[in-house]
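The values are calculated or read from the model by the stated rules, or taken from the named source; none is laboratory data. Please read all numbers here as calculations on a predicted model, not as lab measurements. Counting neighbours? That spans all protein chains shown, and the Cβs are built from the backbone with ideal geometry, glycine included. For the accessible areas, the whole protein counts, side chains as well, though only heavy atoms, and no ligand, DNA or RNA atoms are used. Shrake-Rupley method; radii C 1.70, N 1.55, O 1.52, S 1.80 Å.
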Amino acid sequence: MRCFLALDLPEVLRDEVSDLQMHLRVGRLVPEENLHLTLAFLDDQPEAILQDLNEALCEIELPVFKVSLQGLDLFGGKKPRLLYLQADGGQPLRELHRVIRRAAQDVGIDLARERFRPHVTLARFGRYMREDEAAKLGHFLESHADVDFGSFEVTQFCLFGSTLHPDGAEHEVLAQYTLG
């Protein structure tokens, strides 16, 4: 099963982010129900490994903390791959990321080595962006780059299953892990 660990956004916040996305006239928008902050992408895993991981994640004891969502940016440099909303949860978010990665590795999941840049993906772009699309993206960024959604309290994180379909991915919460 294709899985990832993430923070699910509160419904009110998902609504607000979705409202912002409606002003973006380029790219493939992430559906409102799929908006999340990825902590670790686990890729395809057998059920037995996921059961072991579930047991390990149930043992995590970390305090509740806040994450702020403020500012837009792009991954991909001159050829943007995706537009995202920047997230900052300080040391508590970095610690949660570290602890869940360790738990995944301890049960035998080989995770990609990459710098943790907390974010919420808003839209993805094709390999080649036309000039008019680049102009639309540029205008959107000029108008909304400093967007600020404030902060939300993180009381849990989730294990999601992800099923790929021709029109995009469908995410399902498989388990929730309470903080505090």
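Checking the stated criteria, residue 142 turns out not to satisfy the condition of being under 29 Å from residue 23 (Cα atoms) and either of a type in the set (Val, Ile, Thr) or touching a residue at least 12 places away in the same chain (Cβ under 8 Å) (or both). Can you tell me which residue among 93, 111 is over 30 Å from residue 134 (Cβ atoms), under 14 Å from the mean Cα position of the chain (by Cα) and not in a strand (DSSP E or B)? Result of the check over 93, 111: 93. Here segment 14-48 is the region considered, the condition is being open to solvent by 20 Å² or more (accessible area, probe 1.4 Å) and part of a strand (DSSP E or B), and the residue that is nearest to residue 131 (Cα to Cα) is 28.
So that you can scan it fast, the table gives a plain yes or no per residue for (1) surrounded by fewer than 17 Cβ atoms within 10 Å (Cβ to Cβ); (2) touching a strand residue (DSSP E or B) at 6+ places or on another chain (Cβ under 9 Å); (3) under 25 Å from residue 161 (Cβ atoms):
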{"position": "4", "(1), (2), (3)": "no, yes, yes"}
{"position": "9", "(1), (2), (3)": "no, yes, yes"}
{"position": "12", "(1), (2), (3)": "yes, yes, yes"}
{"position": "50", "(1), (2), (3)": "no, yes, yes"}
{"position": "73", "(1), (2), (3)": "yes, yes, no"}
{"position": "80", "(1), (2), (3)": "no, yes, no"}
{"position": "89", "(1), (2), (3)": "no, yes, yes"}
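Only residues that are open to solvent by less than 50 Å² (accessible area, probe 1.4 Å), assigned to a loop (DSSP other than H, G, I, E, B) and at pLDDT 95 or above were counted in segment 128-180, giving 2. Being open to solvent by 30 Å² or more (accessible area, probe 1.4 Å), in contact with a helix residue (DSSP H, G or I) (Cβ under 9 Å, 6 or more places away or on another chain) and not in a strand (DSSP E or B) is the filter here; which residues of segment 60-71 pass it? Selection gives 62, 63, 64.
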